[in-house]
Amino acid sequence: MLVSLIAVSLGAALAGQTAVGHSRLDAILDIYVRDGRVYYRALRLERSSLDRYVASLDVAVDALPREEQAAFWLNAYNALVLRTVVDRYPIRGAAPQYPPGSIRQIPGAFDGRRFSVGGRNVTLDEIEAQLTEFGDPRLLLALGRGALGSPRLRSEAFRPDRLEQQLQAVVTDFVATEQQVNVDGSDGRLRVSPILGWRAPSFIAAYADESAAPGARSPVERATLVLIGPHLLPREREFIAADEFVMEYLDFDWRLNDLTGF
């Protein structure tokens, strides 16, 4: 029954469209994503719209304005993660270093599978590298990596005319989510997502020079404080201002962000 209702809703949302674009992905994300988790089972059973959207990405985008290119690559990445999962859902694998059902149980999920996107033949890792070239590491926090440890996948597509507003919301949500930023005054620890370490050069280039943090802090620590500082609660800012904490990275949770069965 749920799958039937979703299919009807998706059809209604797409009725009257003359071209595939942001609106198609908007409808997919609005229907299948809740609080960052995905109804993968339902999406697999009614995947035609996702497949058509992915097919529409095989267009040249290098001549587009910066905001349009950034939104395009963000949407492409997030849609291709969905495609990667539903192609193998339910996921089976035996890699001991990752949880059962994880996207990491799919061989080459990020660095092996290639897609025709933006006039290129690229992997997910190459799209992420492409996004670093925009000089705005907030884009890296907007990527849905198909895992609970990732910043939450939004229930809407990114749009060029709203990209700045959407990226500000991404950072606000990132800092407010305990699995991404955890300020623990009880043990003097600031724990943050390992994504900040994975892409440290991007965050350092964008934020470290703006920091008023003490010079003893490493560049990535200074960058982190500038990024998260405006979004912290007053008591958390006081804790940071005291400068007696240790910053460390959280373990990344590679369990699939699957809403099916919840």
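Every read-out reported here was derived from the displayed coordinates using simple, explicitly stated rules and does not represent laboratory data. Remember, it's a predicted structure, so these values are computed and weren't measured experimentally. Reconstructed Cβ throughout: ideal geometry from the backbone, glycine too, with neighbour counts over all protein chains shown.
Sort the following peptides by mean Cβ neighbour count (other Cβ atoms within 10 Å, averaged over residues), highest first: 31-40, 56-65.
By packing density, highest mean first, the sequence is 31-40, 56-65.
What helices in the chain pass both tests, a Cα length along the helix axis of 24 Å or more and a mean Kyte hydropathy of 1.0 or higher, using whole DSSP H runs?
none
Count charges around A216 for me, please; just the other residues with Cβ under 12 Å from its Cβ, Lys/Arg as +1, Asp/Glu as -1.
-1
With both partners inside the chain, how many of the DSSP beta bridges are antiparallel, as a percent to the nearest 5?
70
If you place +1 on the Cβ of every Lys and Arg, -1 on the Cβ of every Asp and Glu, and leave all else neutral, what size is the dipole of the chain about its Cα centre, to the nearest 20 Debye?
Its charge dipole is roughly 980 debye.
Helix-derived [θ] at 222 nm for the chain: sum -39500 (n - 2.57) over DSSP H runs of at least 4, divide by residue count, nearest 500?
Computed mean residue ellipticity for the chain: -13000 deg cm²/dmol.
Among 117-129, 74-86, how do they line up from the highest to the lowest mean number of other beta-carbon atoms within 10 Å?
74-86, 117-129
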